[in-house]
Amino acid sequence: MQAEPLSRAQIAHSLHLFRHHAPLVHCMTNDVVQTFTANVLLALGASPAMVIDAQEAAQFSGIADALLINVGTLTQPRAQAMKAAALSANAAGKPWTLDPVAVGALTLRTEFCHDLLTLKPAAIRGNASEIMALAGMSAGGRGVDTTDTAAAALPAAQALARQINTVVAVTGEVDYITDGQRVVAVTGGDPLMTRVVGTGCALSAVVAASCALPGDRLDNVASACAFMKLAGGRAAVDNGPGSFVPAFLDALYVLDGEALA
Amino acid sequence: MQAEPLSRAQIAHSLHLFRHHAPLVHCMTNDVVQTFTANVLLALGASPAMVIDAQEAAQFSGIADALLINVGTLTQPRAQAMKAAALSANAAGKPWTLDPVAVGALTLRTEFCHDLLTLKPAAIRGNASEIMALAGMSAGGRGVDTTDTAAAALPAAQALARQINTVVAVTGEVDYITDGQRVVAVTGGDPLMTRVVGTGCALSAVVAASCALPGDRLDNVASACAFMKLAGGRAAVDNGPGSFVPAFLDALYVLDGEALA
Amino acid sequence: MQAEPLSRAQIAHSLHLFRHHAPLVHCMTNDVVQTFTANVLLALGASPAMVIDAQEAAQFSGIADALLINVGTLTQPRAQAMKAAALSANAAGKPWTLDPVAVGALTLRTEFCHDLLTLKPAAIRGNASEIMALAGMSAGGRGVDTTDTAAAALPAAQALARQINTVVAVTGEVDYITDGQRVVAVTGGDPLMTRVVGTGCALSAVVAASCALPGDRLDNVASACAFMKLAGGRAAVDNGPGSFVPAFLDALYVLDGEALA
């Protein structure tokens, strides 16, 4: 497998689509990253909405442009609501994205995410341990931190992408995005991003939004990864993990497609 | 209808009352805006407390000075706890405020908020779509974003205010606050506030706090809107949506009644 | 009772242990402080993970290095999950820490926390009203704000520490940490910290992490209090409550043991 780089022209094109379409994203995500996820989507020009009751979630995922399911703080009632929302998104032809936080380490979420795979996510975004566990190739890490590199999980990502016909983004120091055939590599970012909660979870929301855009899904999802790497690299300059957060949102807000292209 | 402006002397007076009385505000709000709501109240000198269990919420709303009910991430158990808290607030003679997030777009919350209107909120704060839906005049928006201007919703706001004898704040580029007779207009703020999650929800918490103050409720609620517009306008200068947040809280903290008056 | 000061050499030593061991902390905390708590732990080099389902929480507290239970937004299902996690932590020999938010003021949490004391927390962190209520010596405050000074609660803290063989940190303008025999006093910080939500709750998470370190628990818990006072004092300089937050996280990140010692 040879990973392709992502051209700056493609990133600029996807950014233009993102801002033009401004997807309304139904986020069913964990308790820790709600605010940051919403602010990341808003900074990029999308509209977040968090709707969590099972009945309302099913109703709303037919209205929104895209759905995110992140199992970081899963409970039984939330699992039911998430499944209802995914079914409704499928019925309405809306794409949904899975973030399998800590899958492999904990039983309830591991079984739930394997069950969700039958509902055909448009994209999956996780770290190496999570993607390997989801593909059935590893026992997973101790928690949200990965113990493997993204490259090591690439075979698992490709197998998973082919198996259920989805786009898988396995992220880390380098992000790899694959549809099972092509593999795109995205570099950049900064280690400081691992000292700020929610950068991965918020990326999953941006991936979810990108699945609502016209054009090639693999390219749009890879560009979503690039938006975060570009803003993260800029925001890490001269900042600690606290001042990183406002700088990162500011950097997303001023990402400039023309300057990129 | 002729909207009155709000005098800087009135804003200064309400700010003085706010800081002097430092209301303890029981916030039952959505998952996305908990931290920001608490920090906005703290920056203005009030005390937030989030208590959500049905039994504890009923107990606490008799202790607190004011109650906020925001249905952004409503669930069935939360609806029960919110209703118990509103009933208890009424029994204790404490004012409660409704933020009908996305009412009109989603069924559970729409029915719940219409039910809550019978419990006589002291104030209601929403955007144009929400207020129109609550007054039964529109089908509402797609989510949290309004598709109407505040001015278009003013007749609905006035009808609603008269119908249940409350103060309605319909907010947008210009905020209109009415008790069904008088209408006060509040200008200021900045479009950047719409790119930061929770500015409207946090305003509702400040409105809830303002209902615990002595003096004219309409003037105090309009002043609450003005605190946010003033701080928002200042914080938007030279900031993106990330750096806006700390700047906004700092601006609320140093709002100066004497300089205003 | 004579309170000992905490030496800078001890603080430096505990900080070294903290960064070297980088504890994985299972945080079962309230809705308002999730993000800030996670970012505080990350800034200090620890790893936070929030797992809340009863089954998963019991599973995860056997994997993590330490557990935090904070009852700020307690519900009946959360109480069950917290108890399951504490039992599992005990079975696995992992330390757990209690933050009894607003105990004394509200019935459900007061009864629950008294019940939890039988499960032998490694540490308890609260304000004066909470510690006095937990020790059965006071009716408690109106909410999260204390109405007593930490010094006034010291006899209650000592009695509680002896009664269940734990370390109690009663925090305020001065923090007192006791195992029932020794008492350590920690000064510093800034009143601005009371205008930012979550500084106390995040301290409890750092205390929880400190209980997983080798060495004397009293010294490590007192050092945890000192990390927050040191960073808080620095972050308060020239900042309002909004800009305090990023500055505080940056200050935790660059706390320098060598410079301290």
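Could you tell me whether C:MET137 is open to solvent by 30 Å² or more (accessible area, probe 1.4 Å) and closer than 25 Å to C:CYS225 by Cα? Yes: the conditions hold for C:MET137.
Using the structure shown, decide if B:ALA123 is more than 23 Å from B:GLN55 (Cα to Cα), within 12 Å of another protein chain (Cβ to nearest Cβ) and either modelled with pLDDT under 95 or buried (at least 21 other Cβ atoms within 10 Å of the Cβ) (or both). Considered against the rule, which asks whether it is more than 23 Å from B:GLN55 (Cα to Cα), within 12 Å of another protein chain (Cβ to nearest Cβ) and either modelled with pLDDT under 95 or buried (at least 21 other Cβ atoms within 10 Å of the Cβ) (or both), B:ALA123 comes out as no.
If you scan the stretch B:16-27, which residues turn out to be surrounded by fewer than 24 Cβ atoms within 10 Å (Cβ to Cβ) and closer than 26 Å to B:GLY180 by Cβ? Break it down into steps so the answer makes sense when it comes.
Kept after step one, since they are surrounded by fewer than 24 Cβ atoms within 10 Å (Cβ to Cβ), are these residues of the stretch B:16-27: B:16-17, B:19-22, B:24.
B:LEU17, B:HIS21 - these are the residues of the stretch B:16-27 that are surrounded by fewer than 24 Cβ atoms within 10 Å (Cβ to Cβ) and closer than 26 Å to B:GLY180 by Cβ.
So in the stretch A:1-12, with the set limited to residues that are surrounded by fewer than 20 Cβ atoms within 10 Å (Cβ to Cβ), outside any strand (DSSP E or B) and touching a residue at least 60 places away in the same chain (Cβ under 8 Å), which one is nearest to the other protein chains (Cβ to nearest Cβ)?
Our first condition is that a residue be surrounded by fewer than 20 Cβ atoms within 10 Å (Cβ to Cβ); within the stretch A:1-12, this holds for A:1-5, A:7-9, A:12.
Still in the list and also outside any strand (DSSP E or B): A:1-3, A:7-9, A:12.
Checking which are touching a residue at least 60 places away in the same chain (Cβ under 8 Å) leaves us with A:1-3, A:8-9, A:12.
Details: A:MET1: 31, A:GLN2: 34, A:ALA3: 29, A:ARG8: 22, A:ALA9: 25, A:ALA12: 20 Å.
Checked the stretch A:1-12; the qualifying residue nearest to the other protein chains (Cβ to nearest Cβ) is A:ALA12.
Apart from one condition, A:GLY233 fits all of (1) under 20 Å from B:GLY242 (Cβ atoms); (2) out of contact with any Gly (no Cβ under 6 Å at 6 or more places or on another chain); (3) open to solvent by 10 Å² or more (accessible area, probe 1.4 Å); the exception is (2). Among the numbered conditions (1) modelled with pLDDT of 95 or more; (2) among the acidic types (Asp, Glu); (3) in contact with a helix residue (DSSP H, G or I) (Cβ under 8 Å, 6 or more places away or on another chain), the only one that B:ASP148 does not meet is (1). Those helices (runs of 4 or more DSSP H) of the stretch A:28-117 in which at least 2 residues are within 26 Å of A:LEU218 (Cβ to Cβ), open to solvent by 10 Å² or more (accessible area, probe 1.4 Å) and more than 14 Å from chain B (Cβ to nearest Cβ), considering only elements entirely within it, cover A:76-92, A:107-117.
Considering the stretch A:241-261, the residues that are open to solvent by less than 20 Å² (accessible area, probe 1.4 Å) and away from chain B (no Cβ under 14 Å) include one that is farthest from A:HIS13 (Cα to Cα), namely A:LEU260.
Here A:LEU108 meets the list (1) under 20 Å from A:THR37 (Cβ atoms); (2) out of contact with any Pro (no Cβ under 7 Å at 6 or more places or on another chain) almost entirely, failing just condition (1). Looking across the stretch B:168-216 at every residue that is more than 14 Å from chain A (Cβ to nearest Cβ) and of a type in the set (S, T, N, Q), the one that is most open to solvent (accessible area, probe 1.4 Å) is identified as B:GLN181.
The values are calculated or read from the model by the stated rules, or taken from the named source; none is laboratory data. Since the model is a prediction, treat every value here as computed from it, not as a measurement. No Cβ is skipped: glycine too gets one built from the backbone with ideal geometry, and neighbour counts run over all protein chains shown. Areas reflect the complete protein model, heavy atoms only, side chains present, ligands, DNA and RNA absent. Shrake-Rupley method; radii C 1.70, N 1.55, O 1.52, S 1.80 Å.
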